[in-house]
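The values are calculated or read from the model by the stated rules, or taken from the named source; none is laboratory data. Every value quoted in this text rests on a predicted model; they were computed, and no experiment measured them. Note that we place each Cβ from the backbone using ideal geometry, even for glycine, and neighbour counts take in every protein chain shown. What goes into the accessible areas is simple: the full protein's heavy atoms, side chains included, and nothing from ligands, DNA or RNA. Shrake-Rupley method; radii C 1.70, N 1.55, O 1.52, S 1.80 Å.
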Amino acid sequence: IAESCDIYFYTIGGGYDKIKGLGVDRLENYFKLFGLGEKTGIDLPAESAGLVPSPAWKAVNKNETWFTGDTYHISIGQGDLLVTPLQLAVATAAIANGGRVIAPHIVDKIVDSDKNVIEQVNAKVIHDNFIDGNNLEAVRQGMRQTVTAGTARLLGDLKVEAAAKTGTAQVGGQKNSNAWF
């Protein structure tokens, strides 16, 4: 995680040699549990759901077979996997908060002209208790090491402790990639 090593994520996702890997079905399940491939429920219009591809989706939409290479691609967040920055922020927040995927919202309450609360908007938990706390802690430690010794070590001097995962997002038809932190 700290070094953002594609080969590590390929192996965890698709396997290699004697390492089985999670496989596409388990990856798809975890992506969806973290809120990818569906709208976050934010109280703003025109939100995109993104896409978590699967062998069935590829067969229907591309008339192609799913290959291990496809699993490798989604294991590093590429290929046909489409996420929004907001979805990624929600998933990252779930790692930080102990595994609760919470719908983001802009409005916390609606008040009338006399400042009486007409409606209180409460946090909505979308998914909870779906990942082992020890696994979350290992990911948090890896993300902290990204800043202290890994690919984002230039941010190690921040006045607050930070944790991160770095990556690259390609956008179809664009020449340049986008760096993610």
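Note on the range 123-173: among residues that are basic (K, R) and surrounded by 14 or more Cβ atoms within 10 Å (Cβ to Cβ), the one that is farthest from V83 (Cα to Cα) is R144.
Could you tell me whether E119 is in a strand (DSSP E or B), among the charged types (D, E, K, R) and open to solvent by 70 Å² or more (accessible area, probe 1.4 Å)? It would help to see each step written out before you state the result.
On the way: in a strand (DSSP E or B): yes; among the charged types (D, E, K, R): yes; open to solvent by 70 Å² or more (accessible area, probe 1.4 Å): yes.
So E119 passes the test.
So, in the range 154-181, exactly how many residues are without any contact (Cβ under 8 Å) to a residue 12 or more places away in the chain, farther than 20 Å from G50 by Cβ and in a loop (DSSP other than H, G, I, E, B)? Total satisfying the criteria: 7.
Taking the conditions exactly as written (modelled with pLDDT of 95 or more, part of a strand (DSSP E or B), farther than 15 Å from G37 by Cβ and within 18 Å of the chain's Cα centre (by Cα)), does I102 satisfy them or not?
On the way: modelled with pLDDT of 95 or more: yes; part of a strand (DSSP E or B): yes; farther than 15 Å from G37 by Cβ: yes; within 18 Å of the chain's Cα centre (by Cα): yes.
So I102 passes the test.
Please pick out the residue among D80, D70 that is under 23 Å from K165 (Cβ atoms), in contact with a strand residue (DSSP E or B) (Cβ under 8 Å, 6 or more places away or on another chain) and acidic (D, E).
Values: D70 fails: in contact with a strand residue (DSSP E or B) (Cβ under 8 Å, 6 or more places away or on another chain).
When all the criteria are applied, what remains is D80.
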